[in-house]
Structure formats: C-alpha cells, structure tokens
Amino acid sequence: IGMVQSTQSLVKLLANVPAASLVERVGRRPLLVGGAALEAVAMAGMGLSTSAEQMVACTALAGVGGTALVTGSTNYLSDISTPKNRANTNAPLQMTALAGVSLGPAVGGYMADAFDVQTPFFVVSGLFGVSSLSLYALCPETMRATATTPGAAQRTAWQQMERVVQQPEMQGLLATAFTGGIRDASMAVGSMLFMRADNVAVVGHGPSLRSRHRMPC
C-alpha cells in the first residue's frame, strides 16, 4: 500500500520540470487533453490490475497524467487572468478540486462496498475520458507564440526553481508544504492499515472491521 501511495507522488516530483518545459514548447491544451487521457488509461489499468506490480505501474502513469494536468491548468489560468484577478480566477478550480477530494473517498467507498473494489477505478476512468473530450472541445490554446531556442524552456524552469529555493521566506513555506505532503501521504496509508486491523470495531459490522472485498493482488 505504501509503495502504491508513494509511486504517484514520486513520479509527479520527477515529471514536474519536464512538464514545465513541455508546456512552453507545445502549449497548454495538449497537456490538458493528454493528461486527462493518461489518467483515464491509468485508472482503467488499476481496475484491471491483478498484481501489485501492475498497480504500481498504473499509479506511475497516473502520476504523469496528473502532472500534465496540473501544469497545463496552472499555465492556462495564468494566461487567461491578470495579476488583479488571478486569485479569483484560481479559486473556483481549487474549490472544485477540494470538493472532489472531500467527496471522492466517501463515494468511492460506497461503490466499492455496493459493487466491488474495481468499480470506483472504472467510474473515475470514464470521468477522465469525458474530461479529456470536453477539454479538447471547449478549451482553445492560450499560449502566446514566442521564439525560443532549443533547451531554453528547460533551463528557465530550473533557474526559476533555484531562485525560489534560495529565498529565505520561501524556504519556510517549502518546508511546511513538504511536511504537509508527508502528513497527507502517511494519513492515507496509515488510515487504510488501521481500518483493516483486527482490533478496529465498527458499529453494525461486528467486533472488528473485516474487508469484504480484497484486490486480486
């Protein structure tokens, strides 16, 4: 469980800079459409996985798709906003994402209990497929045409990161963000293991919580 949880975050970490370079080369729209399509394939693959290795591989693919989506959407919103309304432009996207994070575990848990553990993966795969098609149909390219030399975008991305981490005030924020990431990941893994433990009692489910559905792996 820990390996599956960590793989996606590790892939996102490694894919951030290449994605930042790619978004300046090919534009925002390809990353949005392609990222959602990769997520759809990854989610379907998770639902079809019959081993831990297959699950980890699909999770890695989801990390690539997720990075493409975040990078594309961040730059897209930056293109269509101004410094004065940028916060208001980003707020709806963040609120929608938080709503999904809040509702997803409960809805996914209900579907897994009512049907099987594969069902949530297939449902999310379908939603990502619809998202990819809607992004292709509704979102025009917003990147302004600029003349760049080969490798310039890659160097710029690294240079921007170096400038950020060298600022003392940013180092505190980055440390806090890192701690928050550890918290989120450890809670996700720890809570799953805790709820599967024999000594966890749940009202209406007998003396202990037993998983009625288990992954093939």
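The 3J(HN,Hα) values that the Karplus relation (6.51, -1.76, 1.60; θ = phi - 60°) gives for segment 37-47 are, in residue order, 5, 4, 4, 4, 5, 5, 5, 5, x, 4, x Hz. Gly and Pro appear as x.
Couplings 3J(HN,Hα) of segment 81-91, computed from phi: 10, 10, x, 7, 10, 5, 5, 5, 6, 7, 4 Hz, in residue order, whole Hz [Karplus 6.51 cos²θ - 1.76 cosθ + 1.60, θ = phi - 60°; x for Gly and Pro].
Sequentially through segment 53-66, phi angles give Karplus couplings (6.51, -1.76, 1.60; θ = phi - 60°) of 5, 5, 5, 5, 4, 5, 5, 4, 4, 5, x, 5, x, x Hz, Gly and Pro residues having no value and appearing as x. A simple spin-label model places pseudo-atoms 7 Å from Cα toward Cβ; at ASP116 and GLN54 they are separated by 1.2 nm. Judged by the mean number of other Cβ atoms found within 10 Å, the most tightly packed of the peptides 48-54, 27-33 leads the ranking 27-33, 48-54. In cubic angstrom, how much convex hull volume per residue do the alpha carbon atoms of segment 45-152 span? It comes to 141 Å³ per residue, whole-number rounded. Full extension of the chain segment joining VAL26 with THR96 gains 22.5 nm, where the gain is 0.36 nm per residue of separation less the Cα-Cα distance.
The charge dipole of segment 1-159, taken about its Cα centre with unit charges on the Cβ of Lys, Arg, Asp and Glu (plus for the first two, minus for the last two), comes to roughly 680 debye.
Throughout, read-outs are computed from the coordinates displayed, never taken from laboratory work. Here the structure is a predicted model, which is why all the values come from computation and not from measurement. Because the Cβ atoms are built from the backbone with ideal geometry, glycine has one as well, and the counts that use them run over all protein chains shown.
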